[in-house]
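I have placed the structure first, in the form of structure tokens, so that the comments after it can refer back to it.
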Amino acid sequence: AGLVDAAPKENAPKPPNWSQCYRDVATDINQFLGELDQPLVRYECSTVRVPLDYSKPNGAKTNLSLVRIPAADPAAKIGSLFLNPGGPGGSGVDFALFFGPFIGLELGPDVRARFDVVGFDPRGIGRSSPIKCFGNEGQGVQAFGPVPYPLTDEEVQATVAGVELLADRCDRGATRPSEDMSTANVARDLDRLRQAVGDDQLNFLGLSYGSFLGQTYANLFPDKVRALVIDGVLDPEAWVNIEGEMPFSSRLRSDLGARATLEQFFKLCDLTPGDGQPGACLLSGDGGTAADRFAAIVAALEGNPIPVIDPFTGEPFLLTEQEVIAITASILYNPFDYYFLGELLAMIEQAIAANAPAAALGSFIADLNTTTALVNKRGFPNYENFVEGFPAVACSDSTSPTSVDAWINPGLPDPDEYFAEFWTWASIPCLTWPLSLIH
């Protein structure tokens, strides 16, 4: 399937049968849109069937889930704007639901007026005939190690055991849409969706990994691109990682991007010191600069995690330096949540000083899952079937090392002191990802 150049032109999918959906979400979102003087929204949902294997276009099919926000000015409509939020494993449906209504503020009112905004869950992801290797999400979490990324030999062994469990479950028990969830096949799916909505050429917005999807589409279908916007752009050669001597997640140098963003957080934090005023950054003020206080937190936790009370079980768990780095990296994706990061770090600082189990801190970390929609108390991104979805795409796209030593010592020049290990170990599932799922 990976060698097919393009989706066949015959047997184009039928137009989607749209029906109204997510009415409650629209009601809530429209309150904000009214205050911002933005056009109100309604959501419509549908599914489109695409080939499992593009080398057998008339064979088995899989369903893709879509949601759209109709153009605010139907008479001036140009076409559809497809969205991808990244991941891989991110839900384009969720992205359209919660970002789509505000797209006029980001890209200009004409975009909201003249395009249907369409989000889709890529093959195998979320609502689109998802890949599923475990019976439930609770079982899937077993594939994660005891910490977001390992630093000790014991943690390395536990991490490898987790990805071996994931590989075993996915090799022999996965419910999957295809033997190949590669980006090339997602791009072919995207071209089918373009045809289904009746557009002669594609309009696309892709962020982070979505930039690689956009680049792949443009290379497969260069004459079918009308407008393609990519942001947070991945280096496509680093992603594919042909040499495979270093983990692709190291070669991307996301550690440097995360550090640059953290430095911006420090700058903004110091400009709004924690003086009790609304929006004040609680990590700055009389106690020193935000950068110095963050460094002190990480240093204090090195080899000396603090006990935090889990609000769900009442039992203590240990907050490690890795957890703090992982949670920080997740929250940095959304500047609207920077206040929460400052508050969290200040609470960790207090817990370290008190040297006692912190019930308030445990509750706060748990609440971050719903407040920011980015992290849970373990610091991992909270995506539906993300455990399986991320490696199903990334390990299909890339060439990976064959020894765990490449993750322990990737040979990265000038690695960032905070984020290098976090990003290096993000690709560890590719060490054991089953070859039967890769073509």
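The table for this structure:
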{"read-out": "Aspartates and glutamates whose Cα lies under 15 Å from that of residue 77, excluding same-chain neighbours fewer than 8 positions away", "value": "110, 116, 199, 200"}
{"read-out": "Test item: Cα-centred dipole of the stretch 6-157, Lys/Arg +1 and Asp/Glu -1 on Cβ, debye", "value": "960"}
{"read-out": "Pair residue 237, residue 18: separation of 7 Å Cα→Cβ label points (nm)", "value": "4.2"}
{"read-out": "Percent breakdown of C-alpha pair distances by 5 Å bin, ordered from the shortest bin, for the stretch 1-116", "value": "2, 10, 17, 20, 18, 13, 9, 6, 3, 1, 0"}
{"read-out": "Share, in percent, of DSSP beta bridges within the stretch 1-145 that are antiparallel, nearest 5", "value": "75"}
{"read-out": "Residue with peak Gaussian network fluctuation, the chain [Cα springs, cutoff 10 Å], from 130, 85, 311", "value": "311"}
{"read-out": "Mean shadow area of the chain over all directions, Cα convex hull, nm²", "value": "21.6"}
{"read-out": "Aspartates and glutamates whose Cα lies under 19 Å from that of residue 61, excluding same-chain neighbours fewer than 8 positions away", "value": "5, 10, 53, 121, 179, 180, 189, 191"}
{"read-out": "Only Lys, Arg (+1) and Asp, Glu (-1) charged, at Cβ; the chain dipole about Cα centre in debye", "value": "1980"}
{"read-out": "Antiparallel DSSP beta bridges within the chain, as percent of all bridges there, nearest 5", "value": "60"}
{"read-out": "Sites residue 105 and residue 63 - FRET efficiency at Förster radius 25 Å, r taken between beta-carbons, to 0.05", "value": "0.20"}
{"read-out": "Listed residues 353, 290, 96, most fluctuating in the chain (Gaussian network, C-alpha, under 10 Å)", "value": "353"}
{"read-out": "Using alpha-carbon coordinates, inclination of helix 290-301 to the longest axis of the chain, degrees", "value": "70"}
{"read-out": "C-alpha long axis of helix 386-397 to longest principal axis of the chain, angle in °", "value": "60"}
{"read-out": "Residue 161 versus residue 32: modelled label distance in nm, points set 7 Å from Cα along the beta carbon direction", "value": "4.2"}
{"read-out": "GNM flexibility winner over the chain from 241, 185, 30 (Cα, springs under 10 Å)", "value": "30"}
{"read-out": "Amide H within-cut-off set for residue 319, under 5 Å, with H built and near neighbours excluded", "value": "306, 308"}
{"read-out": "Rh (Kirkwood; distinct C-alpha pairs) - the stretch 194-249, Å", "value": "12.3"}
{"read-out": "Percent antiparallel among DSSP beta bridges (both partners in the stretch 59-148, rounded to 5)", "value": "50"}
{"read-out": "The stretch 222-342 - Rg (one decimal) and Dmax (whole number), Cα, Å", "value": "18.8, 59"}
{"read-out": "Between 0 and 90°, nearest 10: helix 183-196 axis offset from the chain longest Cα axis", "value": "50"}
{"read-out": "Hz values of 3J(HN,Hα) by residue in the stretch 232-243 - Karplus curve (6.51, -1.76, 1.60), Gly and Pro given as x", "value": "x, 5, 7, 6, x, 5, 5, 5, 5, 6, 3, 5"}
{"read-out": "Packing-based order for 324-335, 53-64, using average beta carbon neighbours within 10 Å, highest first", "value": "324-335, 53-64"}
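Rule-based calculations on the coordinates, nothing more; no lab input. What you see is a predicted model; the values in this text were computed from it and never measured. Note that each Cβ is placed from the backbone with ideal geometry, even for glycine, and that neighbours are counted across all protein chains shown.
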